[in-house]
Every structure is written in C-alpha cells, then in structure tokens.
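Take a look at the structure set out below.
Read-outs throughout are calculated quantities, based only on the coordinates presented, and are distinct from any laboratory measurement. Being a predicted model, the structure only gives us computed values, none of them experimental. Methodologically, a virtual Cβ is constructed for each residue, glycine included, from the backbone with ideal geometry; neighbour enumeration extends over all protein chains shown.
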Amino acid sequence: MNLRSVLVACGVLCLLTSCNQPAEKKSENAAVGFDYGADVEAMIAGMSIEEKVGQMTQINIDVISTGEIYNLVEPHTLDSVKLDSAVNHYFVGSILNVGGHTYTRDHWKEIITAIQTKATQEGNTIPILYGIDAIHGVNYTVGATLFPQQIGQAATWNPDLVGEGASITAYECRASGIPWNFSPVLDIGRQPLWSRFFETYGEDVYLAKCMTDAVITGYQGDDPSNPEKVAACMKHFLGYSTPLSGKDRTPAWIPKRQLHEYYLPTFEKAIERNALTVMINSGEVNGIPVHANHDILTTLLRDELGFKGLAVTDWEDIMKLYKDHRIAKDMREAVKMAIEAGIDMSMTPNDYSFNHALIDLVKSGEVAESRLDLSCRRILWVKKQLGILESPMPNFGAYDKFASIEHRQAALATAEESITLLKNTENLLPLDKSANILVCGPAAHSLNIQNGAWTHTWQGVDTAYNTAGVKTIYESLEKYSEGHVDYVLGSSLFEQIDIPKAVQAARNADVIVVCLGEIPSTEKPGDIDDLNLPPAQGKLVKELSKLGKPVVFALVFNRPLIIREIEPLANAILQCYLPGDYGGEALARILYGEVNPSGKLPFTYPRYTGTFVPYDHKYTETLDKTFGRNAFNPQWEFGFGLSYSRFEYNNLKLDSDAYAKDGQIQVSFTVTNSSDRPGKEVVQVYITDMVASITPSVKRLRAFEKIAIGAQDSVEVNMRIPISELSFVGKDNLWVIQEGEFVLNVADNSVTFEVK
Ligand code: BGC
C-alpha cells in the first residue's frame, strides 16, 4: 500500500477566516469614511439632482426597445427615441436584462455599443452599467457555456471547480459586453418547497460559505477592472430563502440569532472577498419588508459588515412597498422609505416613477441631496472598479475562448462531479456498454429540464433557443452505448406520458432508465403546494417495475420531490440536480463507468412532504420511535453519496484532547480506497457540542475536502480547524465559544475533546 500524505489547510482556505466574528461587532472596514476617490467626488460635484437620481435608476431593456413592455417587436431592436430619453432626459445609471429571450453575441455587441456610444457622448457622459442574470453560465447569450445550477455546483463539494466555473462565466459575460452579474444567490436553502431552492448552495452554512469564497473570487478576481472579470451581486440580502408558506416572496419569520448564525455568514464571507454589489430581498422578514428595513440595510450591512459597494433593489420592489406590502400609501412615500433604509439603486424597472418621486423628495427638502451623493459615490465607485469609466466600450474581438472546448470541458467536469449516486443495489452500476437500454420519462430528452429556469428565457421552458449540438440524456446514452438505446416519452416538456408504449418498449430492454423531471420554473411561477412527484411519473415507474427488469432513476428536479413510495422499485438512483447543457453527457459517462460518481447531497432529501428537518437539527428532532419524536427521518442525509469505489476510514486522531478557545484542532485520519477503481471522496468532519446554553445541533459540518484516491491506495488527511469555528450565536445574540465536551466525527469514527 502506497501511503501518500495530504496536508489540507483547514479543509479549505475559508476555514481560516470563517464565522468567528461577533454578530454585533463593528467592522474595522466600515464603509463610513471610506474614500471613494477624488475622481468620483469631482464627478458628483458637477452633477445636478436629476443626474444624481438618474445614476440611481436602473431600467429594464424593454424601456428602451421597440414595441411595448413585455411585448417587444421581434427581432429585437433598440428604440432610438426611448434611448435618447433614457440618456438625455433621465441620465439613467444602469440597464438590465434581455427582452424576453437570449441574444447572440453580435446582438449584444450592437446593444452595448449603441448604449455606451450614446451615454458617453450625450447626457452627462457617464457610461452605463449593464447588468444581467448569468446564474449558471451566461444563460442569456446564445451558445454560452452552461453549468449546473448552483445546487448542483454545491453537490460537487469542490470549490475549485465552482471557482473555475465562475471565472468562465465572468469571461463569457464580458465577452457579451456585460460587466455586472446578478449572481450568486447566497440565501441558504433550508426550505425545499421554495421555487428558488435550486439557485442556492443548499442547507449548510459552512459548505455554502466555501462556495461563496470560490464564486466571488472566480467572478471578480483580484481586480474586477480586468476585462475578463465582472462585479458579483450577492443575492438577496437578507432572509429571502425561508418563506414560512414556502411560496416565493411571502413572509419569513427568522429570529435574530438564526438570521446571524445561518443566513448572514455567506454574505459576510462575500463582503470579506470584496463583492462589489448586493441585491435586496424582495420579501419581508419579521413583519418588515427588507427594502424598508434600516436595521438590515444600513446598521447591519454598512455599519457592522462594512459593505462599501452598491445596493440595488430587486424587481419593482420599491413600488411593491405600497402595492403589495402596504407599508406606504404611494410611490413617493415608498421611495422615501427605501432611500432612508439605505438602497442606492432602484431596479424600477419599467418606468421612471422612481425618478419623479425622488427628485420631488429632494427638491421639497424631505430627502437631503447629500443622501443622493452617498449612493452616487458607491455607484460611480463600482463603475470605476469595473474599469468602465475609463473604457466603456468592450473589445468584443478579444474573447476567442467564448464557448470553447476548454470551457465546455469545465462545465462537463462540474456536472460529472455533482451527480450523486444515492442507491446502487448489488452494484447494478456501472452498466455494461452492450446492454440494451430503454430510456424514458420527461427528463430523458429535454435540455430545458436539464438546465431549469434562467436558461435562454426567464422560466427556461422555450425550446427554440437551446444550445445547438448539445446532447440530452437520451442522446448522450446513444453516444456512449455500444448496445441499443431506445427512447420513449417526453419529447416535449408537457407531453402526456404514454405508459403502455413505454412498457411495451421496455420488454426488449436489459435495463430501464427512468428520467424523472420537473418542468423548469422559478420565482412566483415556480410556487407549488407540496413536494409530491407528479402522479403520472410514479405510475410510469410502477408499471415498468412489474416487468422485473433492473430500473435506474435519474432525478432531474428543481427541488427534492418525494419519491418514498417508488424508491424501493429502483435498483439504482442518481440525483442529477439541474446539471446544465453537459449534464446528459455527464450522466451517461457515470452510468457506463467512464466517470466514478463523487457528488454528495448539499441538502437533506426529505422522505415526507410535510417534514423538512435539516441535518443540523436539534436533539428533540431526532428519530425516537418510543416517544414518537421522529422529526428527522429523511430519505437521504445531507452529505450522502455513494461511489463505485469503497472507502474506509482509519486512525482518527487529534493532536490534543483539550484546546483553548483561541486554539486550533489538528485532526488526522487515513482514507483507503479498497476497490480496484480510482475514485474521489469528500471527507467530511462534523463536530457535536455536547452541552450548550442554546440547544446544540446534533452535529455541524466544520471542515471538508474532496480528495482523489487511486485504486488500492491510501491517503493520510491532515486538517486544522480553529476552535472559533465552534462558536454559535448565544442568548444575547453575540457569537460565543463555550467550554465543555465536544465530539468530532469522520464517517463512522469519532473522538472526544474538550474546550477549556
Ligand atoms: C429576481 C432577481 C433577479 C432580478 C433581475 C428578480 O425578479 O428576484 O434574482 O436578479 O429579477 O432579473
């Protein structure tokens, strides 16, 4: 046995600087008093009230396009009269989005060139900041490299891949002339009903923080003015992802302790990595719409976290303060509230009502002009950081790696490392290439289901814009198979399932691969009432299973749909998340054993529609049949995922049995791959606080690392975990580390230590 030694510096780098800050601590980096530069001050000094309000305005591209809002003339063109008004009358600072669907790079070039030419020659000559949702690759540019959605990226447990993906997305975004990306979503995914669950990095704070570190660095690099980098936008500050009803943009009730311990650390990490912009939560938290919450938008974001960049509202959210939330009587009052709370830019986005109201508020003395200066400073500084004040016109010719093989390989590798093997009875997988396969189910032949929402269109259901030459699951199986692959059902998204036809076709097959899926959707259109699998898909599985042939499920869902009843009918199950354009190929390579699966669940897969209890639950939620306390009884646990290799853990050791609060645990153990197949394993270190003043979780992930181990090989893993990682938000809402006994677990091994 060949023993290699790997020194894993605290699992991943982010451990060194993670959440050991007091929740109430004033940041040394406070935005107050930050010098945005004499150049920025000089620009502001020369601006009128109208120009300043213009900088703070972001309009939808529909407002400057030919046709009506949401009903533009096709093919898309800019309307010169409307553009003239935006630049010369309203002095808009920012424009966003696409009119309905994805554009070619040539069309982006036309749009951005026309906008920046006009903006820099007329109006107040300040370049316009264009922003877009490029959330899993540049999903609004034809042919761009599309990665798995964030939930799949988290399932790789590989921050390096996530960082590389972000870097490619930044490159392809700038290649489309766009320097601002409304990504990543840093909301923690602890409510699986929520329509945007797939846009998160899952339920765990530590895993999400590590991904945050990687993604912000990938988007922005050290210098966002680099024409291959973009400004990241942290979404959606704060507490958006846990609506009590599960429905998008409905109220969340999150105690301050939980808000700080679970929902804030990803944003804190992103700010530490100099994320330039933030978008605000559309919903309300604890009865206050966040767009009107000074405590969150100013006291916390600016004074405590020291965020210096620009805060943009979400879609029409100032308007919603009076139309939906009803805490203001009209637009004027709503604008005043949002400005007082701390927003810098209004994603208006379809009219100029924000401008009219804010100009009036300043002219009547209800909002000080100096308040406009504060926001303009941040907005102009972001433009300066992005280099667009100096070079507003992108060099469109400079991006020959756009959609290159290298980029596509990275997307494929990410999909391969994300797909998670949940079941493999009697090692059914990998399949023999000569086996005859029937592939069926709604996700079998649909790039739309593979990619999910935010793909070419907002909801991702239009098939007209799919990337040419990319293969679905069925086409990929055909490519890699040496046997016969038959396909039935689901050629269109909404096609009825013809169960008798599938059963007939399955009679000739050696193996049946059923691709269960969910129609793409997000935000309000993605609201559902429960997590039940559509009944026709359950019925399809039940009928097919009567043939007594091996059945494989591929799950391609927006969120974990309940499969408890049909799970026993599957011999093997692969969780694919929304794996993107190369997900079909990744799945085929895993099914045929060209790739050894190494994804792990970034969330707890629920067994029942009414019980969502995360892995880091409390003792009162553990399974206890005697007393009926059976809250935590998931289908699969967070962190779970099988491999074609077998890994064994031995020799778990700590460097001490007692640590000071400022100390550091050094943990070591050996992982052995006792199989004949090389594989990748995610080593996961969980720590349990045995007794604490706030009821402790049964365990918390405190470190992880993905390591490659050769066949019949062993790796000695060494990790360092600062004791500060064990802190929690205590009774007084401050971070504390408490003395006492702790248990550290790695796989089935555990060791006890004390904090003194
Ligand atoms: C979403 C944001 C998105 C924005 C712009 C909103 O409806 O909530 O996540 O960035 O639209 O498209």
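Can you compute the label reach from Asp432? Point 7 Å from Cα along the Cβ direction, backbone N cut-off under 16 Å, restricted to segment 448-485.
Of the residues in segment 448-485, 481-485 have backbone N under 16 Å from the label point off Asp432.
If each of Ala114 and Ser48 carries a label point 7 Å out from its Cα toward its Cβ, how far apart are those two points in nm?
2.6
Using the scaling law 2.2 N^0.38 Å as the reference, what is the normalised Cα Rg of segment 414-458?
Numbers: Rg = 14.3 Å, N = 45, 2.2 N^0.38 = 9.3 Å.
Dividing the Cα radius of gyration by 2.2 N^0.38 Å gives 1.53.
Roughly what % of Cα-Cα distances in segment 467-606 sit above 26 Å, to the whole percent? Write out the running numbers ahead of the final one.
Working: 2180 of 9730 pairs.
Taking all Cα-Cα pairs of segment 467-606, the fraction more than 26 Å apart is 22 percent.
Cβ under 11 Å from Val439's Cβ, Val439 left aside: what net charge do those residues give with Lys, Arg +1 and Asp, Glu -1? Don't jump to the answer; show the numbers that get you there.
Numbers: positive: none; negative: Glu475, Glu478, Asp486.
It works out to a net charge of -3.
Between Asn745 and His484, what is the spin-label point distance in nm, taking each point 7 Å from the Cα along the Cα→C-beta axis?
Here the answer is 4.9 nm between the modelled labels.
Report the number of Lys pairs in segment 605-756 whose alpha-carbons are under 24 Å apart, with separation of 8 or more residues or on distinct chains.
Taking the Cα cut-off of 24 Å, the pair count is 18.
For Lys546, go through the lysines and keep the ones whose alpha-carbon is under 27 Å away, minus same-chain ones fewer than eight residues off.
Lys423, Lys433, Lys501
So how strong a dipole does the chain carry about its Cα centre when Lys and Arg Cβ are +1 and Asp and Glu Cβ are -1, to the nearest 20 debye?
Working: 67 positive and 94 negative charges, 211 e Å.
It comes to approximately 1020 debye.
Which whole number of Å³ per residue matches the convex hull of the alpha-carbon atoms in segment 645-707? Each step should come with its number before you reach the end.
Details: hull volume 6.7 nm³, N = 63.
Each residue corresponds to 107 Å³ of Cα convex hull volume.
Based on Cα coordinates alone, diagonalise the gyration tensor for segment 108-178, multiply each eigenvalue by 5, take square roots, and list the semi-axes in whole Å, largest first. Could the numbers behind the result be given before it?
On the way: eigenvalues 194, 26, 14 Å².
In descending order the semi-axes read 31, 11, 8 Å.
Normalising by the residue count of segment 47-398, find the relative contact order in percent from Cα pairs under 8 Å and 6+ residues apart.
On the way: 724 pairs, mean separation 61.4, N = 352.
So the answer I get is 17 percent.
About the Cα centre of segment 645-755, how large is the charge dipole given +1 on each Lys and Arg Cβ and -1 on each Asp and Glu Cβ? Please answer in debye to the nearest 20.
Numbers: 11 positive and 16 negative charges, 74 e Å.
Approximately 360 debye in magnitude.
At 7 Å along the Cα-to-beta-carbon direction for both Leu569 and Asp351, put a label point, then send me their distance in nm to one decimal.
5.2
So which lysines pass the test for Lys336, namely a Cα distance under 17 Å, with those fewer than 8 places away in the same chain ruled out?
Qualifying lysines at Cα under 17 Å: Lys52, Lys320, Lys323, Lys363.
Beyond 22 Å, what percent of the Cα pairs of segment 589-674 remain?
Values: 2069 of 3655 pairs.
Value for segment 589-674: 57 percent of Cα pairs lie more than 22 Å apart.
I want the local charge near Pro224. Using Cβ-Cβ distances under 15 Å, sum +1 for each Lys or Arg and -1 for each Asp or Glu among the other residues. Write out the running numbers ahead of the final one.
Working: positive: Arg174, Lys229, Arg273, Lys308, Arg378, Lys383, Lys384; negative: Asp222, Asp223, Glu228, Glu390.
It works out to a net charge of +3.
Give the Kirkwood hydrodynamic radius (Å, one decimal) of segment 47-398, defined as one over the mean of 1/r across all pairs of different Cα atoms. Please report the intermediate quantities before stating the final value.
Details: mean 1/r = 0.0497 Å⁻¹.
It is 20.1 Å.
Tally the DSSP beta bridges in the chain and give the antiparallel ones as a percent, rounded to 5.
Working: 53 of 102 bridges.
In the chain, DSSP labels about 50 percent of beta bridges as antiparallel.
Tell me the Kirkwood hydrodynamic radius of segment 645-755 in angstroms, computed as one over the mean inverse distance between distinct C-alpha pairs.
14.9
Got a sec? Charge dipole of segment 47-398, +1 on Cβ for Lys and Arg, -1 for Asp and Glu; which of Asn286, Tyr352, Cys376 is way out at the positive end?
The one lying farthest along the dipole's positive direction is Asn286.
Scaled to the compact-protein estimate 2.2 N^0.38 Å, what is the alpha-carbon radius of gyration of segment 217-289, rounded to two decimal places? Before the final figure, lay out each step's value.
Values: Rg = 14.4 Å, N = 73, 2.2 N^0.38 = 11.2 Å.
Cα Rg divided by the expected 2.2 N^0.38 Å: 1.28.
Could you name the aspartates and glutamates in cross-link range of Lys600, using Cα to Cα under 13 Å and dropping any fewer than eight places away on the same chain?
List returned: Glu203, Asp204, Glu416, Glu417, Glu637, Glu681, Glu705.
Over the chain, what is the mean sequence separation of C-alpha contacts under 8 Å (at least six apart), divided by residue count, expressed as relative contact order in percent?
Details: 1847 pairs, mean separation 118.6, N = 756.
The value is 16 percent.
Relative to the present Cα-Cα distance, how much length would full extension add between Ala658 and Thr463 at 0.36 nm per residue of separation?
Working: separation 195, 0.36 × 195 = 70.20 nm, distance 5.97 nm.
Working it through step by step, the gained length comes to 64.2 nm.
Cα convex hull of segment 426-488: mean projected area in nm², to one decimal?
Numbers: hull surface 20.8 nm².
With every direction weighted equally, the projected area is 5.2 nm².
Can you tally the lysine pairs in segment 147-303 where the Cα-Cα distance is under 22 Å and the two residues are eight or more apart, or on different chains?
Here the count comes out as 10.
If you count the DSSP beta bridges with both ends in segment 47-398, what percent of them are antiparallel, to the nearest 5?
Values: 5 of 27 bridges.
Expressed as a percentage, antiparallel bridges in segment 47-398 total about 20.
Can you check how the C-alpha radius of gyration of segment 556-631 compares to 2.2 N^0.38 Å, as a plain ratio? Provide the component values of the computation, followed by the final result.
On the way: Rg = 15.9 Å, N = 76, 2.2 N^0.38 = 11.4 Å.
Expressed relative to 2.2 N^0.38 Å, the Cα Rg reads 1.39.
Mark the label point 7 Å from the Cα of Glu543 along Cα→Cβ and return the residues of segment 425-440 whose backbone N is within less than 20 Å of it.
437-440
On a full-extension model of 0.36 nm per residue, what is the gain between Lys524 and Glu594, subtracting their alpha-carbon distance, rounded to one decimal in nm? It would help to have the intermediate numbers written out before the result.
On the way: separation 70, 0.36 × 70 = 25.20 nm, distance 3.95 nm.
Working it through step by step, the gained length comes to 21.2 nm.
Which value results for Rg/Rh of the chain when Rg is the Cα radius of gyration and Rh the Kirkwood radius based on the inverse mean 1/r? Intermediate results must be reported in sequence, preceding the final value.
Numbers: Rg = 26.1 Å, Rh = 26.8 Å.
Rg/Rh: 0.97.
Give the Rg/Rh ratio for segment 687-731, taking Rg as the radius of gyration of the Cα atoms and Rh as the Kirkwood radius, to two decimals. Could the numbers behind the result be given before it?
Details: Rg = 15.3 Å, Rh = 13.4 Å.
Looking at segment 687-731, the ratio lands at 1.15.
In the chain, which helices (entire DSSP H runs) extend 20 Å or more along their own long axis, judged by Cα positions, while averaging at least -1.0 on the Kyte-Doolittle scale? Before the final figure, lay out each step's value.
Values: long enough: 105-121 (23 Å, -0.91); 159-175 (24 Å, 0.01); 205-220 (22 Å, 0.59); 369-385 (24 Å, -0.69).
Length and hydropathy pass: 105-121, 159-175, 205-220, 369-385.
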